[in-house]
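Let me begin by presenting the structure, written as structure tokens, before commenting on it.
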Amino acid sequence: MSAMPEIAEFRGEIGAVTEQANQAFFSVRDIHAWYGESYIVQGVSFDVKKGEVLSLLGRNGAGKTSTLRTLARVDSPALKSGEIWLDGEPLHNKKAFQAAKAGVQLVPEDRRIIGGLTVEENLILAQVSGEKGWALEKIYDHFPRLAERRSQEATTMSGGEQQMLAVARALARDIKILFLDEPYEGLAPVIVQEIEKIVRQIRDIGITTVIVEQNAVAALRLSDRAVIMDTGQVVFSGSAQEVLDNEDLRNEYLAI
């Protein structure tokens, strides 16, 4: 005997909710990108759920930063084919400024702090578009060191403090996904711990984060999932714990 219409409808609703819950918030589908004639990103695919932290790992030259720049829709490298989706919206057909309006924020390795401006002026400048990002009070609550230095010229701060400012500036925008390129580069261990604390806070409030980082162990400690790249391709995709538990995988692709 077939199920009653009401039961069938209810099961359909439950199935739809379950499917929606399992859908990726950020999806990368077979992207290919070039620097001039150099084929640098070769068919990369992965998914990230809302609020997850994903580490994009690999040796130097594996294509990690090139992939991150492609996802953020910067001009170089050039995306030739593939799809990028954020919260149901296509990014692969957008320029960098359009992707930023859609909620994408990239913190590059060089941080791009604006010289001649104070910490607070750097933050205010990030808010001039009228987007509804974090207010200054909320930023200072999460970054008390920046609150102490709000009137200091930003480029005179330490590297770790400038990294905090770069992350805070991204959060001052209307953000859905945060891309961090080498956030621990050149930082003392105590500052790395502070950056880790900030990323955990970001995760706890539901912002999706993708990290490219040479300090693989530190990145994996933060992450829910990991993607390992080699010569422009994905060679592993799974939980961060799987990488931490797999010595052969770490030795072969991460040299740790």
Name the residues in the range 147-165 that are buried (at least 21 other Cβ atoms within 10 Å of the Cβ) and of a type in the set (A, V, I, L, M), would you?
Ala154, Met164, Leu165
Please note which strands (runs of 3 or more DSSP E) are completely contained in the range 145-256 and include at least 1 residues that are in contact with a helix residue (DSSP H, G or I) (Cβ under 7 Å, 6 or more places away or on another chain), modelled with pLDDT of 95 or more and β-branched (Val, Ile, Thr).
208-212, 225-230, 233-239
Among (1) surrounded by 14 or more Cβ atoms within 10 Å (Cβ to Cβ); (2) closer than 30 Å to Gln162 by Cβ; (3) touching a Pro at 6+ places or on another chain (Cβ under 7 Å), Ala99 falls short only on (3)
Being touching a residue at least 24 places away in the same chain (Cβ under 8 Å) and either more than 18 Å from Gly232 (Cα to Cα) or surrounded by 12 or more Cβ atoms within 10 Å (Cβ to Cβ) (or both) is the filter here, so list the residues in the range 81-96 that pass it.
Gly82, Glu83, Ile84, Trp85, Leu86, Asp87, His92, Ala96
For the range 194-229, which positions are within 14 Å of the chain's Cα centre (by Cα), surrounded by 23 or more Cβ atoms within 10 Å (Cβ to Cβ) and of a type in the set (A, V, I, L, M, F, W, C)?
Val210, Ile211, Val212, Ala219, Leu220, Ala226, Val227
Can you tell me how many residues in the range 23-51 are among the aliphatic types (A, V, I, L, M) and modelled with pLDDT under 95?
1
With (1) over 23 Å from Leu222 (Cβ atoms); (2) assigned to a loop (DSSP other than H, G, I, E, B); (3) of a type in the set (Gly, Ala, Ser) as the list, and Ala99 as the residue in question, which single condition is left unmet?
(2)
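The values are calculated or read from the model by the stated rules, or taken from the named source; none is laboratory data. Treat the numbers as computed from the prediction; the structure is a model and nothing was measured. Counting neighbours? That spans all protein chains shown, and the Cβs are built from the backbone with ideal geometry, glycine included.
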